[in-house]
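The values are calculated or read from the model by the stated rules, or taken from the named source; none is laboratory data. In this text the structure is predicted, and so the values were computed from the model without any measurement. Cβ coordinates were reconstructed from backbone atoms using ideal geometry, including for glycine residues, and neighbour counts include every protein chain displayed.
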Amino acid sequence: MQILFLKKNFIESNFINKFSLNNKDSGAIFSFIGKARPKNQSNTILSIDIELYEKMALVQIKKIINKLMKKYLIDDYLVIHRYGKVKPGENIVLIVVAAKHRKESFRFGEGLMDWLKVKATFWKKENFADGSQWVNQKKTDKEFIDFNL
Amino acid sequence: MKILYFAKLKQLVGKSEETIIIQKKKKISQVINELKKRNEVYNFAFKETNSLQYAVNCEYVDLDCFVTDNDELAIFPPVSGG
């Protein structure tokens, strides 16, 4: 049960393999990797700066996890989120969930990601050749929270 | 009270944090109104307070929440991680 905020890119398979080995009795291992896209519509993204309010992100992610753990029976989880400068193609987020059965792991992982998008205190700024812009929260993400609150 | 600014708001205010003395408890909306009176930079940064999010000691709150000098108030645009 681990939450990590990493400045440098990471090799997801290293974490997933170790996690899987540590959860030999779980029948399902769910993993999701969120990556930095190379384009925003037609604009080429050179890099993304991710700002983090670490103390609050940790509090909020733990709250989300506690909430989901009351709903879904899981054995273990790992959450990794990058901060600092991220290049296109690099990993931004990794979620790995171990559970006895697949559906619990899917639902826990999806729920964690949905809530993380609207509660965890990270902000992305996309850098282009001719400037940069802060990424707005997606309307669909906002609708999710309005619906689920 | 410590105030933290993040993302675009940090750019607009021109700093990531500051400490202010409010002496008695106040609503966040009152604190912001006082900041807006300081100068045009703050006035512009807090032009649309409804589009910002507020947290006291790492918990989301709204503008009507009371704060004291012992609190850490964070103000920021909606998050965009993941």
task = Grab the strands (runs of 3 or more DSSP E) fully contained in the stretch A:49-140, keeping just those with 1 or more residues being out of contact with any Lys or Arg (no Cβ under 8 Å at 6 or more places or on another chain) and surrounded by 15 or more Cβ atoms within 10 Å (Cβ to Cβ).
result = A:76-82, A:84-86, A:91-99, A:122-128
request  = Would you mind stating whether B:L35 is over 11 Å from the mean Cα position of the chain (by Cα), surrounded by 14 or more Cβ atoms within 10 Å (Cβ to Cβ), within 27 Å of A:V135 (Cα to Cα) and without any contact (Cβ under 8 Å) to a residue 40 or more places away in the chain?
outcome  = no
ask   = If you take the residues of the stretch A:92-121 that are touching an Asp or Glu at 6+ places or on another chain (Cβ under 7 Å) and within 24 Å of A:I11 (Cα to Cα), which of them is modelled with the lowest pLDDT?
value = A:K117
request  = Pull up the stretch B:60-74, narrow it to residues that are within 14 Å of another protein chain (Cβ to nearest Cβ), part of a strand (DSSP E or B) and free of Cβ contacts under 8 Å to residues at least 60 places away in the same chain, then point me to the one that is farthest from A:W123 (Cα to Cα).
outcome  = B:V61
ask   = Considering only the stretch B:72-82, how many residues are surrounded by fewer than 19 Cβ atoms within 10 Å (Cβ to Cβ) and more than 18 Å from A:Y83 (Cα to Cα)?
value = 1
query = What residue, among those in the stretch A:19-42 that are among the aliphatic types (A, V, I, L, M) and within 14 Å of another protein chain (Cβ to nearest Cβ), is farthest from A:S132 (Cα to Cα)?
reply = A:I33
request  = Identify the residue in the stretch B:40-59 that is surrounded by 17 or more Cβ atoms within 10 Å (Cβ to Cβ) and not in a loop (DSSP other than H, G, I, E, B) and, among all such residues, is farthest from the other protein chains (Cβ to nearest Cβ).
outcome  = B:Y42
task = Could you please let me know if B:K15 is within 30 Å of A:A36 (Cβ to Cβ), assigned to a helix (DSSP H, G or I) and more than 10 Å from the chain's Cα centre (by Cα)?
result = no
